[in-house]
């Protein structure tokens, strides 16, 4: 069994992030749930009888891996799958992949072919939870390489207990658990995998491949090809798992579409509805919907099982104990989150805000993005609610340069203001009012524009701020602590701290930032006011004031370039 992953780069996600993402989205074993299904078990039984296979006698992880390596090479060599292993001092990673010829295999594609993962803990002093985190980390690698995967089976062997767990975008659940002494179940399980189809193993057919590359099929059955690399991807296992590619219809076309795969909650309003609504109402500066399709729900994939309240991991299982998921989790009151795989195709594609060519382009893009927000809010009667550095794009060769994208959490205001107090947005760019859990208003979005402006200028073309930047404070602490820090930072006497971080080529941008701060945070009785005046007169005054401040800076830039 070769070391398939020798050249694969590690994930930039630590154990704590994985626990925070998966640790409270777990379901224990449901005795009614049969795994594998009867059809596959019957095929396995026939294979075992035909080959006259005998159940092994195993008592430890080391004994299992020694037997397993010989078994897969001698008995499963003629299947469409092959097994690989990667050993460290403490554990062994197992991967079952689609079998490919040597000339078809390329570095960097290993996780794209994975069908089953497994972790064998050889060091029993490692507790159950830490080993489970390693399994979750491998699952995340698979889902990031296969963004439309429906679910993934994982094997977890610690001491003499083998657990079969299943991962999907709603969480993780225990499918079965047994002791290695139950050798007939072990043999049946491993042989069952050879008879499973891609669909049985959780691989979807949303993305297909031909000689020209990977593609999806749009509503009129036309192939839309995907660029090899993603342009945006979230590094979460449980949740929306948003992944975006550029797309085009033929080889001669530019990559002018964006194909977004995600798993939103089934209870949320589909993004396509709001995009269609915005287009119908004549909104400017917003991406256009070209295709939408919804696929599988996690509740359906779970066949009606494992859909009650979640359980969460409790730390501190005894080293050397034979505990499993059922023993190391406790019930919570959190209800099951049903999610659905969707594909949204939009255009234009654009490029990230941080790729601005020069200061003038950044100002123009920013001005147009604020104008787009005004059109969305006042003409479209839609509130965006997630203004961030990632949700403003630069579109070349068009009169309108700054576009808004992503209406995932937007709301239609045509039926009156929303009463929800759910926090929505991207943490560093959230307004003070939203951090205080107030009802979301247009002014909160405009405040987010100020935070984005400061962020993009200080980052100066990078994705993240300098190590010493005060911007890092925006992602730390509780919601209340973050609100208090931002309120303090926005005071006139403290705001210069951010302006002092502006790179030299953006020195003249300070007047734009100061103007925006003054418009958004007027002083009321000596206090910084963070409320919203929703009257038409004040609303127009705020929009026009911000746009005018940016336009003045553009005019100065153009004049300076002309004189220079």
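The values are calculated or read from the model by the stated rules, or taken from the named source; none is laboratory data. Everything numeric here is computed off the predicted structure, so don't read it as measured data. For neighbour counting, all protein chains shown are included, and Cβ atoms are generated from backbone atoms with ideal geometry for every residue, glycine included.
Here are the numbers for the structure shown:
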quantity	calculated
Output for segment 531-543, where each listed residue is within 35 Å of the chain's Cα centre (by Cα) and either at pLDDT 95 or above or not assigned by TED's automatic domain parsing to the domain that holds residue 452 (or both)	539, 542, 543
Out of 439, 491, sole residue that is surrounded by fewer than 17 Cβ atoms within 10 Å (Cβ to Cβ) and in contact with a strand residue (DSSP E or B) (Cβ under 9 Å, 6 or more places away or on another chain)	491
Matching residues in segment 126-163 - criterion: being within 17 Å of residue 91 (Cα to Cα) and assigned to a strand (DSSP E or B)	154, 155, 156, 157, 158, 161, 162, 163
Any chance residue 368 is more than 30 Å from residue 25 (Cβ to Cβ) and in contact with a strand residue (DSSP E or B) (Cβ under 6 Å, 6 or more places away or on another chain)	yes
Counted residues, segment 115-155 - those being free of Cβ contacts under 8 Å to residues at least 60 places away in the same chain and over 15 Å from residue 238 (Cβ atoms)	10
Residue 57, sole failed condition from (1) over 16 Å from residue 196 (Cβ atoms); (2) touching a helix residue (DSSP H, G or I) at 6+ places or on another chain (Cβ under 9 Å); (3) at pLDDT 90 or above	(3)
Residue count for segment 177-200, restricted to those that are farther than 18 Å from residue 45 by Cβ and in contact with a helix residue (DSSP H, G or I) (Cβ under 8 Å, 6 or more places away or on another chain)	1
Residue that is farthest from residue 533 (Cα to Cα), among those in segment 472-488 that are touching a helix residue (DSSP H, G or I) at 6+ places or on another chain (Cβ under 6 Å) and surrounded by 14 or more Cβ atoms within 10 Å (Cβ to Cβ)	473
Subset of segment 177-197 (residues that are surrounded by fewer than 18 Cβ atoms within 10 Å (Cβ to Cβ), in contact with a strand residue (DSSP E or B) (Cβ under 8 Å, 6 or more places away or on another chain) and either modelled with pLDDT of 95 or more or not in a strand (DSSP E or B) (or both))	185
Close pairs (6 angstrom Cβ cut-off, 6 or more residues apart or separate chains): in the same structural domain as residue 557 (by TED's automatic domain parsing) in segment 511-524, loosely packed, with under 15 Cβ neighbours inside 10 Å and in a loop (DSSP other than H, G, I, E, B) anywhere	522/529
Pick from segment 292-308, criterion in contact (Cβ under 8 Å) with a residue 12 or more places away in the chain and more than 23 Å from the chain's Cα centre (by Cα), ranking: nearest to residue 267 (Cα to Cα)	308
Unique match (being surrounded by fewer than 14 Cβ atoms within 10 Å (Cβ to Cβ) and under 27 Å from residue 199 (Cβ atoms)) among 89, 38	38
Condition met for residue 99 (at pLDDT below 85 and surrounded by fewer than 16 Cβ atoms within 10 Å (Cβ to Cβ))	yes
Residue identified as more than 35 Å from the chain's Cα centre (by Cα), closer than 26 Å to residue 441 by Cβ and modelled with pLDDT under 95 among 484, 523	523
Inter-residue pairs, beta-carbon under 8 Å, first on the phi > 0 side of the Ramachandran plot and in segment 535-561, second assigned to a helix (DSSP H, G or I) and at pLDDT 95 or above, 6+ apart	none
